[in-house]
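This report refers to the structure that appears directly beneath it.
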Amino acid sequence: MKLKNTLLAATALSAVSALGVQADVITVATVNNGDMIRMQGLTDDFTAKTGHTVEWVTLEENVLRQRVTTDITTKGGSFDVMTIGMYETPIWGANGWLVPLDDLSAEYDVGDLLPAMAGGLSHEGTLYAAPFYGESSMVMYRTDLMEAAGMEMPAAPSWSFIAKAARAMTDRDNEVYGVCIRGKAGWGEGGAFITAMSNSFGARWFDEDWNAQFDSREWSDTLNFYVNMMNDAGPPGYSTNGFNENLSLFQQGKCGMWIDATVAASFVTNPKDSTVADKVDFALAPDNGLGVRSNWLWAWALAIPAGTQQEAAAKEFLEWATSKSYIELVAAKEGWANVPPGARTSLYKNPNYMAVPFAQMTLDSILSADPTNSTVDPSPYVGIQFAAIPEFAGIATEVSQEFSAAYAGQQTVAEALAKAQAITNEAMEAAGYR
Amino acid sequence: MARSNSMQLKMLTTVAAWSIGLMIFFPILWTILTSFKTEAQAIASPPLFLNFDWTLENYQVVQERSNYMRFLWNSVFIAGGSTLLGVLIAVPAAWSMAFVPSKRTKDILLWMLSTKMLPAVGVLYPLYLIFIELGVLDTRLGLIVVLMLINLPIIVWMLYTYFKEIPGEILEAARMDGATLKSEIFYVLMPMAVPGIASTILLNVILAWNEAFWTLNLTAAKAAPLTAFIASYSSPEGLFYAKLSAASTMAIAPILILGWFSQKQLVRGLTFGAVK
């Protein structure tokens with residue numbers, strides 16, 4: 001197959017050179033996850049269609065973020081296409097660092113992108129990055145343990161149900177913990193979860209004048225609820241657990257419920273790695289009866305840095321990688337369960353894909369997340385698990401460190417919230433918001 | 001009685017030395033073992049030591065996904081080039097400091113060492129902009145120069161300490177016999193300092209091989225060495241430990257082998273001069 005693809009690519013290259021079409025080499029910076037790695041393996045198809053070749057720079061998420069930020073702010077030109085997220089896109093778009101994607105071909109069908117994704121990757125109505133895959137968060141739970149606890153998971157559970165079920169499912173003697181949730185410091189780790197959870201408790205990061213709100217009753221309720229539930233029914237050392245640690249615990253059958261990214265559904269239902277693959281079901285992320293659920297919204301998207309020498313070829317690549325035909329290519333080669341989810345409406349109208357066990361719940365989770373209206377009380381920012389301002393990553397990392405210290409019992413919840421309030425107000429004042 | 005005490009002391013120090021050695025080597029051993037496990041076995045609790053189904057699947061995946069030889073060649077070129085360039089500059093510098101010292105020599109040596117205390121990230125943006133201006137971003141030449149500059153203080157310090165061990169009278173005798181400066185350094189000084197120079201070269205190759213901040217930040221697709229190869233196998237979402245371990249094992253294997261074969265020279269050099 002590889003030889004065939006190589007021959008196809010070589011033939012295409014000869015054809016385009018004969019026709020006088022320019023074949024470029026583009027450099028794509030990306031993260032190391034299953035969907036991106038799969039795309040690298042299918043690059044021959046892009047080369048066969050366009051004649052352009054691709055050089056990949058694959059990095060760990062935090063390294064990639066630092067690397068592409070340095071490059072784009074200095075106009076280094078190291079990359080022609082960058083993989084960035086929903087947090088960076090509107091900020092970089094507003095700064096003029098990204099090429100606006102306002103002239104994509106009719107065949108690409110921009111209108112087919114899920115509105116929540118397109119909205120989160122736009123600034124003032126202009127799309128600056130094309131979603132490669134999108135995710136929300138949801139509850140993944142063990143059907144056998146839930147049944148043994150004599151409870152039934154509703155499709156849209158409340159936090160009080162989750163806490164009750166978690167305590168009922170916990171069996172510490174056998175190392176089974178009712179609920180596994182991120183507690184690890186970092187704005188994209190535990191910080192993302194607690195922010196999304198706080199939305200459902202009626203809390204918000206800032207009021208409309210950018211004053212920090214950690215001194216509110218809603219934040220106190222959120223953190224106290226989380227700490228009490230995790231102390232009663234969470235795994236030991238949960239304050240240092242992130243996505244991978246909880247994935248590992250769940251796959252080994254040590255978690256009754258795991259509330260995390262929808263992308264995890266394909267991991268926990270994969271019998272190759274998961275010991276509980278046939279005992280997993282899904283539900284929406286919990287709410288607290290206030291009209292806002294605790295699920296987040298995220299997309300890994302492809303963007304073109306302004307000033308690239310290969311803008312035309314980069315745009316061709318971006319269209320290829322986030323197109324409907326790419327999804328069909330993956331489905332044909334790797335099966336429908338492996339196509340990049342959460343980016344296009346048409347995928348969720350495809351009966352083949354909707355037969356995948358977690359497809360409907362992923363769509364429902366994504367559709368129930370609104371980054372422009374994420375809090376119960378009005379807030380001045382866009383974003384669910386983050387506020388799309390440049391200062392947020394730094395502030396939220398510090399705040400989440402204080403929260404993790406409270407989870408670990410090194411300080412009280414009240415102390416952590418008081419420090420978070422001071423840290424945030426100080427940083428916002430220094431940045432000129434207040 | 002005295003002999004028995006001496007034996008006990010010897011046994012105790014032997015056990016202590018082996019224990020410390022094994023403790024230092026254990027993370028490397030664990031990485032190598034993990035590289036032969038499946039992803040599920042890599043995260044098993046309790047951890048599996050030797051009783052698992054050994055597999056070469058991770059190495060196969062890494063080979064298919066990455067162009068290992070390109071990363072390896074970049075590492076060899078960058079580590080070797082920066083060390084050789086550094087030694088070329090450091091030998092005359094260390095010679096002048098050791099044999100023709102001024103009253104500021106000690107201050108200069110300390111100042112050179114103090115540059116190692118500057119956090120690298122503090123100069124990331126200025127250096128990045130310089131690299132863009134010079135057109136050496138993502139080139140091996142750019143990295144050779146940067147890594148040479150980073151390690152130069154250590155090379156000069158080490159060579160200075162070795163050269164100080166050599167009696168100045170020998171060089172004076174050579175000069176009286178009509179040796180030029182070049183002949184003095186190349187035919188008299190350097191042959192006597194071979195163990196020191198060899199260990200300096202080896203240590204700096206290791207330092208340059210393992211350098212991960214600049215090699216990750218100043219490269220993209222063309223000049224990326226093995227540090228970037230390793231970084232590409234870490235993931236915040238999904239199991240990756242077994243494949244990361246395979247990539248790490250492949251990245252450290254050349255330098256481990258080099259260290260193994262040259263351990264005699266390395267130990268001899270290190271105990272002869274700088275850190276004795």
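Could you work out, residue by residue across B:213-220, how many beta carbons of other chains sit within 10 Å of that residue's beta carbon, and then give the average as an integer?
4
Is the range A:216-277 rounded, prolate or oblate when judged by the Cα gyration tensor, a ≥ b ≥ c being the square roots of its eigenvalues, rounded requiring a/c under 1.5 and prolate requiring a/b larger than b/c?
prolate
Within a Cβ distance under 12 Å of B:Arg65, other residues only, what is the Lys/Arg minus Asp/Glu net charge?
+1
Post the alpha-carbon centroid distance, the range A:356-380 to the range B:9-47, in whole angstrom.
Here the two parts' Cα centres lie 46 Å apart.
Can you tell me the orientation of helix A:324-334 relative to chain A, as the angle in degrees between its alpha-carbon axis and the longest Cα principal axis, to the nearest 10?
Its long axis makes an angle of about 80 degrees.
Rounded to the nearest 500, what is the 222 nm mean residue ellipticity of chain B from helices alone, with -39500 (n - 2.57) per DSSP H run of 4+ residues and division by all residues?
Using -39500 (n - 2.57) per qualifying helix, the result is -23000 deg cm²/dmol.
If we sort A:142-149, A:125-132 on the protection proxy, mean other Cβ atoms within 10 Å, highest first, what's the order?
Highest to lowest by the protection proxy: A:125-132, A:142-149.
Treat the protein assembly as shown as a sphere of radius equal to its Kirkwood radius over Cα pairs and apply Stokes-Einstein at 25 °C in a medium of 0.890 mPa s; give the translational diffusion coefficient in µm²/s, rounded to a whole number.
Answer from the Stokes-Einstein relation: 86 µm²/s.
Compute the acute angle (0 to 90°) between the alpha-carbon long axis of helix B:68-99 and the principal axis of greatest extent of the alpha-carbon atoms of chain B; round to the nearest 10°.
20
For B:Leu258, B:Leu244, which order do you get if you count the other beta carbons within 10 Å of each Cβ and list the fewest first?
Ordered from fewest to most neighbouring Cβ atoms within 10 Å, B:Leu258, B:Leu244 come out as B:Leu258, B:Leu244.
Please give every one of the aspartates and glutamates within straight-line cross-link reach of A:Lys184, meaning a C-alpha to C-alpha distance under 15 Å, and leave out same-chain neighbours fewer than 8 residues apart.
In chain and number order, the partners are A:Glu245, A:Asp260, A:Glu398, A:Glu402, B:Glu237.
Most exposed first by the Cβ proxy, i.e. fewest other Cβ within 10 Å, how do B:Trp260, B:Trp30, A:Trp205 rank?
The most exposed by this proxy come first: B:Trp260, B:Trp30, A:Trp205.
Quantify how strongly other chains surround peptide B:226-232 by giving the mean number of their Cβ atoms within 10 Å of each of its Cβ atoms.
4
Going by alpha carbons, how many degrees (0 to 90, nearest 10) lie between the helix axis of A:159-169 and the longest principal axis of chain A?
80
A:Tyr133's amide H: which non-local residues (gap 5+, or another chain) put their own amide H closer than 5 Å, with H modeled 1.01 Å from N in plane and none for Pro or chain starts?
Under 5 Å from the amide H of A:Tyr133 lie the amide H atoms of A:Trp300, each far enough along the sequence or on another chain.
So what is the calculated 222 nm ellipticity per residue for chain A, using -39500 (n - 2.57) for each DSSP H run with n of 4 or more, over all residues, to the nearest 500 deg cm²/dmol?
Rounded to the nearest 500, the figure is -13000 deg cm²/dmol.
Output ³J(HN,Hα) for the range A:400-411: one whole-Hz value per residue in order, computed from phi by the Karplus curve 6.51 cos²θ - 1.76 cosθ + 1.60 with θ = phi - 60°, and x for Gly and Pro.
Rounded to whole hertz, the list is 5, 5, 5, 5, 4, 5, 5, 4, 7, x, 7, 7.
Per residue of the range A:79-87, what does 6.51 cos²θ - 1.76 cosθ + 1.60 with θ = phi - 60° give for ³J(HN,Hα)? Whole Hz please, x for Gly and Pro, Karplus curve as stated.
10, 9, 9, 10, 8, 10, x, 6, 6
Bear in mind these aren't lab numbers, they're just calculated from the coordinates by the rules spelled out. Here the structure is a predicted model, which is why all the values come from computation and not from measurement. Because the Cβ atoms are built from the backbone with ideal geometry, glycine has one as well, and the counts that use them run over all protein chains shown.
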